[in-house]
Amino acid sequence: MGANLYFIGGGNMPSAIIEAVRRKAAAYPVDHIWVEEISRERAEYLAATYNTETASPTDAPDADIVVIAVRPQDDVAGVAASVARRFDPVKTTVISIVAGYTIAKLEQGLGHGWRVARIIPNTLTTVDYGYSGVALNGAAAREDVDAFLNTFGKVLYVEERLIDVITGFYPPNIVYHFIDAYVDAGVLAGLPRDAARAIALDTIIGGTEFLKQKDVLPQVLLNINNSPGGVGITEAYTLNKTGFAASIQSAVLAAVERTTALGGDAK
Ligand SMILES: NC(=O)c1ccc[n+]([C@@H]2O[C@H](COP(=O)([O-])OP(=O)(O)OC[C@H]3O[C@@H](n4cnc5c(N)ncnc54)[C@H](OP(=O)(O)O)[C@@H]3O)[C@@H](O)[C@H]2O)c1
């Protein structure tokens, strides 16, 4: 018998998760995936694309896992209260992917006795590179969520205070910004855009693979590459002078702060 999953909110992130669950059907069989979604068009798209079943806010099917996947600015507390009315805490574990929304707030909406996991996935789940940061409440155990979470990437159990940090740190956007700037740099220096893009992507994949194989920090390889008075150290000096590292660090810190603020504002 497979698992039964119920999603509330059928936007980009749950779609990526559902796509991964369907792809991993051999390792994690599911009998039902229900999606409760305000937009009828979106629900129809998911049903046609991933063979999901469209549910309504009065449905109460036999779900092992309910995933709350609305946005922080939506009525998350109302959704939690509705889950508490319709599902059975003995059978169902509640997983929230709402950025910034704390376990304490979820428990307020749900009431006592619920197994709750707060997770922060990212869209790299689609290519099996996504990391989900996961925090559990006192009632939940890893076995309640582990098999499901493993379908869409690696799983990192952390204290809840680190969930916002992972949200700011992990999303692939910062990598896309870097690639964008790197490709433009190639074009600025005279390379055709296609060539700059091809070199940039392979350099990033190759550089990452090399670091993993060597199992060292980048500084070790930079020390080898940056010979005295050479091209590498000139590039490093220029990056230092223009605040490259501080730009990335400031962006991540700002993203973490913004996540916390959005969760604080959420109903
Ligand atoms: N995208 C990511 O990479 C990512 C990563 C980690 C966490 N998250 C979190 O995941 C959650 C969903 O993100 P997303 O990117 O999937 O958002 P999204 O694409 O904007 O989708 C949200 C969907 O939820 C629907 N909705 C709102 N209230 C609802 C309700 N009460 N019942 C049923 N459906 C409802 C919305 O419908 P309407 O548009 O009609 O209101 C919309 O279709 C957010 O809390 C976000 O913080 C996202």
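Give the angle, between 0 and 90 degrees and rounded to the nearest 10, that separates the Cα long axis of helix 40-50 from the longest principal axis of the Cα atoms of the chain.
Result, in degrees: 70.
With an 8 Å Cα cut-off and a minimum separation of 6 or more residues, compute the relative contact order for the chain in percent.
Relative contact order here is 17 percent.
If you roll a 1.4 Å probe over segment 173-262 with all protein chains in place, what percent of the accessible area is carbon or sulfur?
64
Find which of Gly100, Thr208, Ser15 sits farthest along the positive direction of the dipole of the chain, computed with +1 on the beta-carbon of Lys and Arg, -1 on that of Asp and Glu, about the Cα centre.
It is Thr208, whose Cα lies furthest towards the positive end.
So if I average 1/r over every pair of distinct C-alpha atoms in the chain and take the inverse, what Kirkwood radius in Å does that give?
About 20.7 Å for the chain.
If you put +1 on each Lys and Arg Cβ and -1 on each Asp and Glu Cβ, how big is the dipole of segment 116-207 around its Cα centre, in Debye rounded to 20?
Magnitude of the dipole: close to 100 debye.
Taking θ as phi - 60°, what are the ³J(HN,Hα) couplings along segment 143-154 by the Karplus curve (6.51, -1.76, 1.60), each to the nearest whole Hz, with x for Gly and Pro?
Once rounded to whole Hz, the list reads 4, 5, 10, 4, 4, 4, 5, 5, 6, 10, x, 7.
Per residue of segment 185-198, in order, report the coupling 6.51 cos²θ - 1.76 cosθ + 1.60 (Karplus, θ = phi - 60°) as ³J(HN,Hα) in whole Hz, putting x for Gly and Pro.
Result, ordered by residue: 4, x, 5, 4, 7, x, 7, x, 4, 4, 5, 4, 5, 4 Hz.
Within 10 Å of each candidate Cβ there may be at most 12 other Cβ atoms; applying that plus a DSSP loop requirement, which trypsin sites (Lys or Arg not before Pro) in segment 45-92 survive?
Sites meeting the loop and neighbour criteria: Lys91.
Answer with one residue from Thr234, Val158, Phe169: the one whose Cα lies farthest towards the positive end of the charge dipole of the chain, charges on Cβ with Lys, Arg +1 and Asp, Glu -1.
Thr234
Once you charge only the Cβ atoms, +1 for Lys and Arg and -1 for Asp and Glu, what is the size of the charge dipole of the chain about its Cα centre, to the nearest 20 debye?
The calculation lands at about 380 debye.
Under 10 Å, Cα contacts only: if you run a Gaussian network model on the chain, which one of Thr92, Thr242, Thr58 comes out with the highest mean-square fluctuation?
Most flexible of the set in this elastic network: Thr242.
Highest GNM mean-square fluctuation, the chain, Cα pairs closer than 10 Å: which of Ser247, Ser15, Ser227?
Between Ser247, Ser15, Ser227, it is Ser227 that shows the largest mean-square fluctuation.
Mean residue ellipticity at 222 nm from the helices of the chain, using -39,500 (n - 2.57) per DSSP H segment of n ≥ 4 over the full residue count, to the nearest 500 deg cm²/dmol?
-16000 deg cm²/dmol, from helical runs alone.
Can you work out the accessible area per residue across segment 1-101, with the rest of the protein chains kept in place, probe 1.4 Å, in square angstrom?
On a per-residue basis, segment 1-101 sits at 45 Å².
Restricting to Cα pairs below 8 Å that are 6+ residues apart, what does the relative contact order work out to for segment 73-180? Please round to a whole percent.
Once divided by the residue count of segment 73-180, the mean separation gives 23 percent.
Using a Gaussian network model of the chain with C-alpha springs under 10 Å, which one of Val79, Val94, Val127 is most mobile by mean-square fluctuation?
Val127
Hey, which of these cross-link pairs are over 31 Å Cα-Cα: Lys105/Lys212; Lys154/Lys214; Lys91/Lys154?
Check vs 31 Å cut-off fails for Lys105/Lys212.
How many percent of the alpha carbon pairs in segment 1-131 exceed a separation of 20 Å?
For segment 1-131, the share of Cα pairs beyond 20 Å comes to 41 percent.
How about segment 115-175: which GluC sites (Glu not before Pro) there are in a DSSP loop, with at most 14 other Cβ atoms within 10 Å of their Cβ?
Here the sparse-neighbourhood loop sites are Glu159.
Among Pro57, Val83, Ile68, whose Cα projects farthest towards the positive end of the dipole of segment 19-83, with charges put on the beta-carbon of Lys, Arg (+1) and Asp, Glu (-1)?
Ile68
If I compute solvent accessible area with a 1.4 Å probe over the protein chains, what percent of it on segment 87-157 is carbon and sulfur?
Reported share for carbon and sulfur atoms: 54 percent.
If the only charges are +1 at each Lys and Arg Cβ and -1 at each Asp and Glu Cβ, what is the size of the charge dipole of segment 61-118 around the Cα centre, to the nearest 20 debye?
Computed charge dipole of segment 61-118: roughly 80 debye.
The values are calculated or read from the model by the stated rules, or taken from the named source; none is laboratory data. Here the structure is a predicted model, which means the values were calculated and not measured. Positions of Cβ are backbone-derived with ideal geometry, glycine not excepted, and every protein chain shown enters the neighbour counts. Heads up: the accessible areas ignore ligands, DNA and RNA and are worked out on the full protein's heavy atoms, side chains in. Shrake-Rupley method; radii C 1.70, N 1.55, O 1.52, S 1.80 Å.
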